[in-house]
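Engineer: Have a look at the structure that comes next, please.
The values are calculated or read from the model by the stated rules, or taken from the named source; none is laboratory data. Source: prediction; values computed, not measured. Reconstructed Cβ throughout: ideal geometry from the backbone, glycine too, with neighbour counts over all protein chains shown.
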Amino acid sequence: MSELHDCRKAFANTLEDLARRDPRIVALSNDSISSASLSHFAEEFPGRLFNVGIAEQNMVGIASGMANGGKIPFVAAAACFLTGRALEQIKNDVAYTGTNVKLCGVSPGLAYGPLGGTHHSIEDIAWLRAIANMTIIVPADPLETEQAVRAATDFVGPVYLRISRMGVPVVHAADYRFEIGKAVCLREGTDVTLAACGTLVPRALEAAALLEAEGIQARVINMATVKPIDREAIVAAAVETGGIVTAEEHTIYGGFGSAVAEIVATTHPVPMRILGIPGVFAPTGSSEFLFEHFGLTPQGIHDAALELIKSRGL
Amino acid sequence: MPINFQALHNKAYEIRQRNLIMIHEAGGGHTGGDLSSADILAALYLNGVLNVDPKNPRAPDRDRFFMSKGHGSGLLYTTLAFAGFFPEEELATFMKPLSRLNGHPNVHVPGVEANTGALGHGLPMAVGTAMAAKMDGAAWRTFVLTGDGELQEGSNWEAAMAAAQYQLDNLTLIIDRNRFQMVDRTERIIGLEPLADKWRAFGWSVQEINGHDYEEIMRTLTAVPFEVGKPNCVIAYTHKGEGVSFIKDRAGWHHRVPTEEELNTALEELRGAVQ
């Protein structure tokens with residue numbers, strides 16, 4: 001097993017680097033500075049990090065106002081509270097008003113495993129994907145996290161960054177270049193496509209290795225930008241591989257898999273399997289336990305791909 | 001320059017007339033709350049309280065004004081048109097298909113800072129602009145107008161605490177205290193009193209004024225900050241429907257649209273008030 005990384009570190013280091021060059025960058029926190037790995041940012045830029053207290057609605061409203069005043073606010077908070085508690089502020093003050101706010105949902109999905117359903121953030125992609133004028137990026141490893149933070153800064157407009165705390169291996173080569181809206185093919189294949197984002201990308205790669213051992217060549221695409229999603233990459237996958245398995249650390253309702261299915265169903269319908277959390281509140285357990293519990297594992301992805309291929313009658 | 005209060009009064013009553021015509025033509029709008037805020041908006045935009053330039057509405061050093069009571073869009077649009085932000089003729093498109101004069105403010109209209117209408121959003125955003133100005137040591141100020149019923153939204157109190165914590169004396173909240181919300185008097189639904197004491201307890205410097213007295217409005221709004229290091233709260237006691245006797249203080253007029261006959265009666269009364 002390769003070394004595992006906490007993407008929050010890459011997020012924080014990159015934000016500090018950008019803040020050194022661009023005085024417009026500020027950070028906002030809901031009393032979760034260390035949870036968002038912003039302790040060093042706070043030390044280096046004491047006048048540019050605002051702990052606005054346990055008040056997410058106000059925090060996002062403030063961010064909108066700061067953007068109006070010429071700042072580039074990065075709002076870093078636990079994804080469950082940032083998106084759920086402040087959803088109307090995200091819709092109206094950020095997306096609809098069109099302010100240049102970067103929302104950073106930290107520790108999303110099942111990251112807070114044993115803390116339970118209040119702290120799991122398995123609806124955030126669905127909620128934000130339904131909002132117009134919102135860009136959603138779910139990076140898979142530290143390098144992609146760093147580049148996503150830079151891309152979000154260069155992009156003028158609302159962005160939601162989903163920053164994982166769960167250890168992930170490096171999946172991208174050092175020369176990888178992330179681009180908003182572009183999927184990247186991590187493994188070529190023509191038998192089936194495994195499409196994933198975030199923490200499920202390395203698991204999809206492992207699943208492809210299991211499939212290869214059985215003589216199946218699976219394409220693996222990393223779709224870090226969930227919105228706007230890379231339509232061409234999805235259509236190509238449908239046409240060239242005849243079936244798509246999606247995997248995400250999120251409910252299967254309205255998330256990444258749904259986004260892929262919307263394209264597939266309306267362009268080139270092929271069988272799909274959508275892996276995620278199947279419309280339930282997750283039970284108690286570590287993140288790793290919950291990934292196993294819901295089959296969000298290399299074996300689970302492998303099994304879904306194999307079942308899809310069999311259903312196709314090949 | 002001495003302030004000509006009679007001229008300001010006349011302008012506010014012309015705005016009321018144009019506003020009522022607009023609501024009647026659109027078949028929609030918020031009649032009562034538009035009329036209660038009209039004198040405050042006239043003072044802000046037509047008598048130099050706000051440092052804004054209709055020719056350059058996004059100038060970085062402009063004063064910011066958030067119409068947090070976004071249902072008062074009709075009044076805001078009318079006032080912005082009178083102030084020269086866009087041609088008055090455009091008011092005829094209010095709430096018509098594809099018009100940028102949406103039923104609640106949006107930033108496609110010159111002079112509008114944010115898409116308000118969901119209540120309890122203006123004050124947090126205003127805290128954000130005030131913080132940005134403080135960071136830059138900039139002189140521009142932030143004003144925000146909320147309704148009174150709107151203060152039942154908890155986000156306002158999150159923002160109230162933050163504004164005091166960050167000592168935002170460059171922020172002025174004006175509360176249109178017309179004492180009515182949509183269904184009934186605020187105090188019969190979820191009471192707000194003692195309102196001034198609440199804001200003082202939250203660390204704000206509070207002034208209470210008659211929101212229809214131009215001399216009081218101007219004297220107060222040009223005296224900010226009231227205290228160094230404290231955000232400013234102006235509780236403007238107003239009447240919902242001010243200026244039209246059969247609308248004034250009637251809960252049923254929150255978003256009722258005047259009939260042609262009612263409009264003519266109202267216009268006659270409003271014209272009579274212009275000297």
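Engineer: Exactly one of these conditions fails for B:Gln167: (1) over 24 Å from B:Val112 (Cβ atoms); (2) surrounded by fewer than 18 Cβ atoms within 10 Å (Cβ to Cβ); (3) facing chain A (nearest Cβ under 9 Å). Give me its number.
Structural biologist: (3)
Engineer: Take region B:117-143 and flag every residue that is under 28 Å from A:Asp22 (Cβ atoms), more than 10 Å from every other protein chain (Cβ to nearest Cβ) and in contact (Cβ under 8 Å) with a residue 40 or more places away in the chain.
Structural biologist: Passing the criteria: B:Ala139, B:Arg141.
Engineer: Of all residues in region B:94-116 being within 10 Å of chain A (Cβ to nearest Cβ) and in contact with a Lys or Arg (Cβ under 6 Å, 6 or more places away or on another chain), which is surrounded by the most Cβ atoms within 10 Å (Cβ to Cβ)?
Structural biologist: Applying the filter and picking the extreme gives B:Glu113.
Engineer: Here's another thing I want to ask about it. Residues in region B:19-31: is at least one surrounded by fewer than 21 Cβ atoms within 10 Å (Cβ to Cβ), of a type outside the set (Gly, Ala, Ser) and assigned to a loop (DSSP other than H, G, I, E, B)?
Structural biologist: No, the conditions are met nowhere in region B:19-31.
Engineer: State whether the residues of region A:241-264 include one that is under 20 Å from A:Glu307 (Cα atoms), out of contact with any Ser or Thr (no Cβ under 8 Å at 6 or more places or on another chain), of a type in the set (D, E, K, R) and modelled with pLDDT of 95 or more.
Structural biologist: Within region A:241-264 (the criterion being under 20 Å from A:Glu307 (Cα atoms), out of contact with any Ser or Thr (no Cβ under 8 Å at 6 or more places or on another chain), of a type in the set (D, E, K, R) and modelled with pLDDT of 95 or more), the answer is yes, since at least one residue qualifies.
Engineer: Okay, moving on. Looking at region A:124-153 only, could you name the residues that are charged (D, E, K, R), within 20 Å of A:Ala195 (Cβ to Cβ) and not in a loop (DSSP other than H, G, I, E, B)?
Structural biologist: A:Asp124, A:Arg129, A:Glu144
Engineer: What's the total number of residues in region A:70-91 that are more than 13 Å from A:Val159 (Cβ to Cβ), crowded, with 24+ Cβ neighbours inside 10 Å and within 11 Å of chain B (Cβ to nearest Cβ)?
Structural biologist: The total comes to 3.
Engineer: Something else now. What about B:Glu88, is it closer than 18 Å to B:Leu46 by Cα and of a type in the set (D, E, K, R)?
Structural biologist: yes
Engineer: Between a first residue in region A:116-143 that is of a type in the set (S, T, N, Q) and a second residue that is crowded, with 22+ Cβ neighbours inside 10 Å and in a loop (DSSP other than H, G, I, E, B), which pairs have beta carbons less than 7 Å apart while being 6 or more apart in sequence or on different chains?
Structural biologist: If the second residue must be crowded, with 22+ Cβ neighbours inside 10 Å and in a loop (DSSP other than H, G, I, E, B), the pairs left are A:Ser121/A:Pro108; A:Asn133/A:Pro158; A:Thr135/A:Pro158.
Engineer: Pick out the one residue from B:Gly33, B:Gly29, B:Gly70 that is touching a His at 6+ places or on another chain (Cβ under 8 Å) and within 14 Å of chain A (Cβ to nearest Cβ). Before the answer, list the steps.
Structural biologist: Numbers: B:Gly33 fails: within 14 Å of chain A (Cβ to nearest Cβ); B:Gly29 fails: within 14 Å of chain A (Cβ to nearest Cβ).
One residue alone meets the criteria, B:Gly70.
Engineer: What pairs can you find where one residue is in region B:105-116 and modelled with pLDDT under 95, the other is acidic (Asp, Glu), and their Cβ atoms are less than 9 Å apart, with a gap of 6+ or different chains?
Structural biologist: Once the first residue is modelled with pLDDT under 95 and sits in region B:105-116, no partner that is acidic (Asp, Glu) comes close enough.
Engineer: Moving to a separate point now. From (1) at pLDDT below 95; (2) at the interface with chain B (Cβ under 8 Å from one of its Cβ atoms), pick out the condition that doesn't hold for A:Leu38.
Structural biologist: If we test A:Leu38 against (1) at pLDDT below 95; (2) at the interface with chain B (Cβ under 8 Å from one of its Cβ atoms), just (2) comes out false.
Engineer: Still on this structure, I have one more. Does A:Phe281 satisfy being in a helix (DSSP H, G or I) and in contact (Cβ under 8 Å) with a residue 12 or more places away in the chain? Give the derivation first.
Structural biologist: Values: in a helix (DSSP H, G or I): no; in contact (Cβ under 8 Å) with a residue 12 or more places away in the chain: yes.
No.
Engineer: Here's something else I'd like to know. Which of the following residues is part of a loop (DSSP other than H, G, I, E, B) and closer than 16 Å to B:Leu221 by Cβ: B:Leu50, B:Leu41? Break it down into steps so the answer makes sense when it comes.
Structural biologist: Working: B:Leu41 fails: part of a loop (DSSP other than H, G, I, E, B).
Every option except B:Leu50 fails the conditions.
Engineer: Scan region B:177-233 for residues that are outside any loop (DSSP other than H, G, I, E, B) and touching a Leu at 6+ places or on another chain (Cβ under 6 Å) and jot them down.
Structural biologist: B:Thr186, B:Tyr214, B:Cys233 - these are the residues of region B:177-233 that are outside any loop (DSSP other than H, G, I, E, B) and touching a Leu at 6+ places or on another chain (Cβ under 6 Å).
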